[in-house]
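One structure is given here, and the rest of the page talks about it.
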Amino acid sequence: MCQPLKQINRTATVAWSACEHAPTLLALGSSAASGAGLISNDASSDSTLDFVSFDLAAPGTDMDVQASIRPEGGRRFTSLSWGSFGSEAGTHPLGILAGGLQGGIVSLWDPNAIVQSKGANTGLIHSSTVHQGNVNCVEFHPVKPNLLATCGADSEVNIVNIDNPSQPEVYKPGSTSKHVGSEVLCCAWNRKVQHILCSSSNTGATVVWDLKLKKEVISFQDPANRQRCSSVAWHPDVPTQLLVCYDDDRNPSMQMWDLRNCQYPFKETAGHSKGILDVSWNPLDSNLLLSCGKDNRSICWCLSSGTPEVFSELGSQQMNFEAKWAPHKPSIISTSSFNGAVSIHSMQQTQTKGMSYCPKWYDRPCGMSFGFGGKMLAFGKKAQAAVSAGAPAAPAAPASWCHALVVPNEPELVPAADQFEHWIAERKLREYCAAKVDQQKRQGVASHDILMWDLMSLAFEPDGREKVPQRLGFDGAQIAAEAEKFLGQKPGTMLMGPQEAHDQSKDERRDSIQSAASLAPSSTSCRRRTFSGSSPRTPNRSRRRRRRRQRGSSSSSSKRSWPCQAASPCQKLPGQRPTGPLALKA
């Protein structure tokens, strides 16, 4: 068995706060279904109206009692409903609480006055007898909080207008009723059509009322003749569908009816092994349905597949006679049991294994996230286009969008950046630079900034390079004249002169080549060395070899004795000029 998140010892009927700024505030009225209420319809000494709150982050399971009062006459509660009337105007910051009591009395309280005074102020706005017998159900209109529907043991359904809460007006939804002779056990407002109301009785009849026409428009009954309709609930999204459950221990049933064909229910399931006492549709996700029965089970059903599947189940030691969703905390459930406990549960505490459905409140319709460098990623859903009747079905288009954006760090630069992108798109960068020049001149900016934009504009002109010196303040003709005066000739003739100079240089080169050739050794000597057996060599190598031979011969001649001393070619005779190879040196 799953342990509750929070719990308080009360046998009470529950109403959740209708105001968003107090989502964890509850009203607990001592239930007439408890032992003391079943034994006698008289006043009970322990009948109270408590206002409690809870904090899921706090340790423990206790709930805090904010205030507690005793109802007028000590009567017990059969039903509670909390409306938002006066919360926007500020006359009733926490709205108005309506309670159906024993003896056919309907009372209105101001929760803010009770909570602020810690119960010192009873906060009673109005109390009057609306039914003959017990009041079985009260419910505020979900859209028009000034309307309150009530039904009781006297076969009547009443509409209470609380535009003036101290003096409410009561009127009938129709002149005739098929509930005559029965006890009307429950009633509910349509969630989409404001003037539609339904009610069910202990004879198995369900009646749909049209408040504009002030009459019954549709009535139906279970084909299997089940009797006691314990609870009824409208579909949150489909205005023609509603759910009826039956307190029949032998044949429990939950039936879904469509008012377009109310001969038979289009869906039906037992769900419980004994009679079903209460059903509640999740206001934010129509695929989630809550039911509790006499088999000590409270079940959260998932209808996403078309067939009811158990999303989660809450067990208890005693049967729960009431189960409600928290209007501003969609996954939180309150249960009231006969063992004297009001418990707070989460529908995801005991989620069925293998159930992969994700509730709709986790599905974000849009969102965004910032990243580095001013980047932002945003996503959302696309609006679905209306399809006319009889038109062929078009292929499904993507139902969502995702954009990557850049958020500027300096917003004042955005207009200039947009203008620059416009110039780039039209390929008019020259005109853009010219516009910047005009803008700089009007603003009286320094001349070098104007010159910079002027030079940039030349980059987008065909002959822009030739105009750069002129824009910088230089005269090309004057520069060429000064260079010619300094060089004695036009600049460039040293490398690219006239044709005559070119021919003269060719002749000079030819003469220099011929003179160099005359200084080279003759071909005869080269052939002679070749014929003698030595390989031809380059002039430089031959010259080096001659020098080495001369040095070797000179050194050997100094040591060798000549055969005839007078015949020596190097000998100088007296009175004779030297002859031979050394004559030149002498």
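With respect to (1) modelled with pLDDT under 90; (2) closer than 24 Å to Leu242 by Cβ, the lone exception for Trp301 is condition (1). Every condition in (1) crowded, with 17+ Cβ neighbours inside 10 Å; (2) under 46 Å from the mean Cα position of the chain (by Cα) is met by Asn158 except one, and the failing one is (2).
Flag not set for Leu284, criterion: crowded, with 17+ Cβ neighbours inside 10 Å, out of contact with any Ser or Thr (no Cβ under 7 Å at 6 or more places or on another chain) and under 16 Å from Trp325 (Cβ atoms). Out of all the residues in the stretch 278-336, which are among the acidic types (Asp, Glu) and under 27 Å from the mean Cα position of the chain (by Cα)? Within the stretch 278-336, Asp285 is the sole residue that qualifies. Of all residue pairs spaced 6 or more apart or on separate chains, those with beta-carbon atoms under 9 Å, a first member in the stretch 453-469 that is among the basic types (Lys, Arg) and a second member that is part of a helix (DSSP H, G or I) are Arg465/Leu458; Lys467/Leu458.
Counting only strands (runs of 3 or more DSSP E) that sit completely within the stretch 57-129, those holding 1 or more residues that are under 23 Å from Ala341 (Cβ atoms) and β-branched (Val, Ile, Thr) correspond to 64-69, 77-83. Please go through the stretch 238-268 and pick out each residue that is surrounded by fewer than 17 Cβ atoms within 10 Å (Cβ to Cβ) and under 24 Å from Ser331 (Cβ atoms). Within the stretch 238-268, Val238 is the sole residue that qualifies. When the stretch 321-367 is filtered for residues that are of a type outside the set (A, V, I, L, M, F, W, C) and assigned to a strand (DSSP E or B), the ones remaining, listed by number, are Glu322, Lys324, Ser334, Thr335, Ser336, Ser337, Ser343, His345, Ser346, Gln351, Gly367.
Residues to consider are Leu451, Leu405; find the one that is surrounded by 10 or more Cβ atoms within 10 Å (Cβ to Cβ) and assigned to a helix (DSSP H, G or I).
Leu451
Go through the stretch 45-64 and count every residue that is touching a residue at least 40 places away in the same chain (Cβ under 8 Å) and either surrounded by fewer than 18 Cβ atoms within 10 Å (Cβ to Cβ) or under 18 Å from Ala113 (Cα atoms) (or both). So the count comes out to 7. Being under 22 Å from Leu28 (Cβ atoms), of a type in the set (Val, Ile, Thr), buried (at least 22 other Cβ atoms within 10 Å of the Cβ) and in the same structural domain as Ala33 (by TED's automatic domain parsing) is not true of Ile125.
The values are calculated or read from the model by the stated rules, or taken from the named source; none is laboratory data. This one's a predicted model, so the numbers in the text were calculated from it and none came from an experiment. Every residue, glycine among them, receives a Cβ derived from its backbone with ideal geometry; neighbour counts consider all protein chains shown.
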